[in-house]
Every structure is written in structure tokens, then in C-alpha cells.
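Let me begin by presenting the structure, written as C-alpha cells, before commenting on it.
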Amino acid sequence: MVFTEEKLKGLYKKENFTEFYMKEGDILTPSGRQFLEDKKILLVKNKKEEKIEKVQEKEEKQFWKYQGENGELYIEKPEHMTQLFGNTLVNKNSKRIILRGKIDSFLSKWLLLQKEFLQIKNNKLNFDMESITTLLKKIVIGEVLNEPIEDVTILGETLNKIKEISHNPKKYFSREHLFDISAENSLIVLKLNEMRSLSRELELCAIDAFFVENGNIQRKDLIEIFNRISSGIYVMMLKGEKNEYGIR
């Protein structure tokens, strides 16, 4: 019998145990072994069985190329699955993979808009667009490698400063919030508003992907960054209304 992490969790849920006995011919997957170690469960077997298991583990390492989240092993990557981290596979409709697709889609649209805005030849606009492009590329790398994102700025400002500016347009732009967007606004503002709305969708997708049991959230750094991206684009809209990017 093959004992995966998922199978051991099921057995442990039915009845907590402090020792786990394996018979000759049983196989314990790497994730299953890790589960036993995490729970401080003693693995009981004789030397003959231990020798057999070591041979089996060696064969598995040579034979299996990928591993699923629940410890299942694959020779080849199934078409409906993709790599989450390293050789760990998940279904392509995994919330993390859906988020990656959303980030990719948002970045592609942002780059098209950045290319279009280059024709305006406004240095402030080019700088602000590139600052968000740079941050989006950092997000792509940080999420895939599961690493924290450092040195985060938007429009040359810290995340806290961007939040303050976006919440106080009267103080920084001598005007009220942009509650009544219409076709009367400039094309710059309207196009930025479209991206702002898409960034809100991106933020919600990230919350869905990083939400875990008991109301906890993983990758709070990314959640904050996604939130501030929409704030940063809103600040750009305020700049556009003030003609800091030129009239178009």
C-alpha cells in the first residue's frame, strides 16, 4: 500500500496515533514521511523493511519526475496540471494559477497602454507608467518564487505615502474625489480608470488565492501591493485631471 500525506491525514483524523506501523511492501511517500515527522509520530518497521523502503525511495527518485500537492507522483506532467513551485503540480484551475493568469493579463494590457502613452511625450507620465510596470514584474517573480517583494515604490513614493495621497485629493490636488467619471474626462483619465477597475479585480483574485482556513491570509505583502496599485493608478488619474500629463 502507498501511504501519501493525504491518506495519513485521513487515518489521523479518524484516530490520533503516536506510532505508525508499516508492513513489507508498503510505500511511504516523501510528503507522507514529512507528515509523520511534523506530528512527531514514530515510524515502526524492521531493518529488512527499512532496507526495502530505501531501495523503493531510490527508485521513486529516479522514476517520478513530478509530485502533486497531496503527495501523488507523476512520470509526466498531465495536460490539465501545471507547476506551482519547483516540481510540485496543481490543477490549472488552482486559485494561485488563476491569479498568475490575471497578473499576466493585467501586465499585458498595462504595457499596451504604456506604449500608447509614449506618444504623448510627457516625462512625468512615462515615469509613473514605468514605475508600475517595474512593480508588476517584481510581483510576477516574487509570486512564482514564493519570495517577499522588497524595495516597493509606486510613482516614486512608498506604499503608505501613496495611500495617504489617494485618500486626500483635497490636500494634494486641491479638488474632491473623482466620483463622477464620464466621457467628458480626458482620454488619459478614462484609460487609467479602466486599468484601475481591472486592478481591483486583480486584488480580489489575490485575496481569493491567498485566503486560508480560519480567516487567515497568506502573502499579506502581495495583498497590500495589489491594493496600492489601484491607489497609485487613482493618483495618476488625479494628476491627469490636473493636466500634469498634458492635455489629450
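Here are some notes:
- Volume per residue that the Cα convex hull of the chain spans, once the total is divided by residue count, Å³: 168 Å³
- Cross-link reach list, aspartates and glutamates versus Lys13, counting only Cα pairs under 20 Å and skipping chain neighbours closer than eight places: Glu5, Glu37, Asp38, Glu69, Glu72, Glu213
- For the chain, with +1 on Lys and Arg beta carbons and -1 on Asp and Glu, the positive-most of Leu135, Ile223, Leu125 along the dipole: Leu125
- Placed amide H near Ile27: partners under 5 Å, 5+ positions off or other chain: Val2, Phe3
- Rounded to whole numbers, the Karplus 3J(HN,Hα) couplings from phi for region 226-241 are 4, 5, 6, 4, 5, 5, x, 5, 5, 4, 4, 4, 4, 5, x, 5 Hz, using 6.51 cos²θ - 1.76 cosθ + 1.60 with θ = phi - 60°, and x at Gly and Pro.
- Relative contact order (%) - criterion: Cα under 8 Å, at least six apart; region: the chain: 15 percent
- Members of Lys102/Lys163; Lys115/Lys137; Lys137/Lys161; Lys170/Lys242; Lys109/Lys242; Lys65/Lys95 lying beyond 19 Å, as alpha-carbon distances in this model show: Lys102/Lys163; Lys137/Lys161; Lys109/Lys242; Lys65/Lys95
- Fraction of beta bridges assigned by DSSP in the chain that are antiparallel (%, nearest 5): 55 percent
- Entry note, region 68-172: relative contact order of 18 percent, from Cα contacts under 8 Å with a spacing of 6+ residues.
- Computed extension gain for Ser108 through Ile207, at 0.36 nm per residue and net of the alpha carbon distance, reaches 33.5 nm.
Here, each number is a calculation from the coordinates, and none is a lab measurement. Just so you know, these numbers come straight off a predicted model, no measurement behind them. We place every Cβ from the backbone using ideal geometry, glycine too, and count neighbours over all the protein chains shown.
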